Structures are given as C-alpha cells and as structure tokens.
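Peer 1: Below you will find the structure I want to go over with you.
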C-alpha cells in the first residue's frame, strides 16, 4: 500500500495546531451573532491589506514553479486576486460607504504585517514546496471555516459575502489545486518533516491575525 499523500501526512502531523484557528473566537462569535462591529471593521482593514500582500506572494511562486500547468494556474490566481478579491472590497466596502481610510491604515499591528511578510518569505526565500505548503494552509483553513459560516444569517452582509466567496467553485478549485500540487511535490521526494515548520508557522500566523482583528481597531492600527 502506498504511503498517504503529503498533504494528508502534514495535516495529521499538525492536527493540534489547526484547532486554535478552526475554533477561533472570531468565528465562534460570528456564528453566535455577537461579533463586535469594531472587530469586523478591523478585520476588513487587515484582510484587505493581506489580499494585496498576497499578490507578490503568488507572484514569487509563479517565478519558481517548474511546470507549465503550475504557471498557468498561478497566473489565474493572480488575476483573481487583483480583480475579483480586490474588487470585492471596493464594491462591498467602499461602495457600501465604508470609509476608505479604514481600508488603508498607515500603520498596522505587528501581527498583521508579520503574516504578509512571513508568507512572502516562505514563497521567496524558502523552497517552492514551503511556499505552496504555506498558502495551502491559508486557503484550506478558510475553506473549512467558510463552509461552516457561509449559510449563517448575519447582521454583517459584507462579511457574510466574504465567507461565501470562499466557498464558491473557483475558490474550492484553487484549494484542490494547491493540495494536488503539494502531493505532486511529495511524490518527487519532499518529506513532511521538511514542510511541517512552514505549515505550523502558517497556522500560528493565521491565528494571531484573527486575535488582533478581534481586539478591534486602535489608534495605532487604523489612521
């Protein structure tokens, strides 16, 4: 019997680290209808920042991909980021009266800037496999959380739409591709031990990001 796929091995090896994110108070409070408006405002400011930071992250992966299929897929991801996801914020937030200055804060908490910086480092300085593993974690966790939250009625329609966006066919296909690419890398000889630190760090960064969002905006975080 062949060994489990690399993605499955990594998921099993990092199981305890998934729980703090999957069970985060930000998502629990959203589901219970008690998420503070300040937390939503902070979250959207920080998330919009990270979406823009994700553009160079996937660009680094594109330059390091060694198959035409991977390059084609990553070009499509970049197109979706700079159009669909950025347009989401412009349409749902700015178009809905959300102050633009709240979406482009002059200074961010360390937890927010660190996430973008370290994901970029994994894609640029680490191996291609480490970069793919990191973004797989980010996308897989959000698919799982959004699948649970998308159908829950909410007094925050923009946030509900954001979760819904992470359950549509295009996003699900992207998560499936990352998992398949990770498994392909595993078949070429990369071991779980080589990628587990990147996976664990990605989970920690995601958890810290939502910790600081739940704390709401501060004068240091939002101009």
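The values are calculated or read from the model by the stated rules, or taken from the named source; none is laboratory data. Here the structure is a predicted model, which means the values were calculated and not measured. No Cβ is skipped: glycine too gets one built from the backbone with ideal geometry, and neighbour counts run over all protein chains shown.
Peer 1: Kindly evaluate residue 209 against the criterion of being free of Cβ contacts under 8 Å to residues at least 60 places away in the same chain, surrounded by 19 or more Cβ atoms within 10 Å (Cβ to Cβ) and under 17 Å from the mean Cα position of the chain (by Cα). Before you say what the answer is, go through the steps one by one.
Peer 2: Working: free of Cβ contacts under 8 Å to residues at least 60 places away in the same chain: no; surrounded by 19 or more Cβ atoms within 10 Å (Cβ to Cβ): yes; under 17 Å from the mean Cα position of the chain (by Cα): yes.
Criteria not met by residue 209.
Peer 1: In the stretch 1-64, which helices (runs of 4 or more DSSP H) lie fully inside it and hold 2 or more residues that are modelled with pLDDT under 90 and either on the phi > 0 side of the Ramachandran plot or out of contact with any strand residue (DSSP E or B) (no Cβ under 7 Å at 6 or more places or on another chain) (or both)? It would help to see each step written out before you state the result.
Peer 2: Working: elements: 6-13, 15-22, 25-32, 37-64.
Ranges flagged: 37-64.
A quick yes/no check of all residues on (1) modelled with pLDDT under 95; (2) in contact with a helix residue (DSSP H, G or I) (Cβ under 9 Å, 6 or more places away or on another chain):
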{"position": "171", "(1), (2)": "yes, yes"}
{"position": "180", "(1), (2)": "no, yes"}
{"position": "184", "(1), (2)": "no, yes"}
{"position": "195", "(1), (2)": "no, yes"}
{"position": "209", "(1), (2)": "yes, yes"}
{"position": "217", "(1), (2)": "yes, yes"}
{"position": "220", "(1), (2)": "yes, no"}
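Peer 1: Now for a different question. When residue 98 is evaluated against the numbered criteria (1) under 20 Å from residue 214 (Cβ atoms); (2) in contact with a helix residue (DSSP H, G or I) (Cβ under 8 Å, 6 or more places away or on another chain); (3) at pLDDT 85 or above; (4) outside any helix (DSSP H, G or I), which criterion, by number, is the only one it fails?
Peer 2: (3)
Peer 1: Look at residue 77 and say whether it is crowded, with 16+ Cβ neighbours inside 10 Å, at pLDDT below 90 and either under 14 Å from the mean Cα position of the chain (by Cα) or within 19 Å of residue 166 (Cβ to Cβ) (or both). Working first, answer last.
Peer 2: Working: crowded, with 16+ Cβ neighbours inside 10 Å: yes; at pLDDT below 90: no; either under 14 Å from the mean Cα position of the chain (by Cα) or within 19 Å of residue 166 (Cβ to Cβ) (or both): yes.
For residue 77, the condition - crowded, with 16+ Cβ neighbours inside 10 Å, at pLDDT below 90 and either under 14 Å from the mean Cα position of the chain (by Cα) or within 19 Å of residue 166 (Cβ to Cβ) (or both) - is not met.
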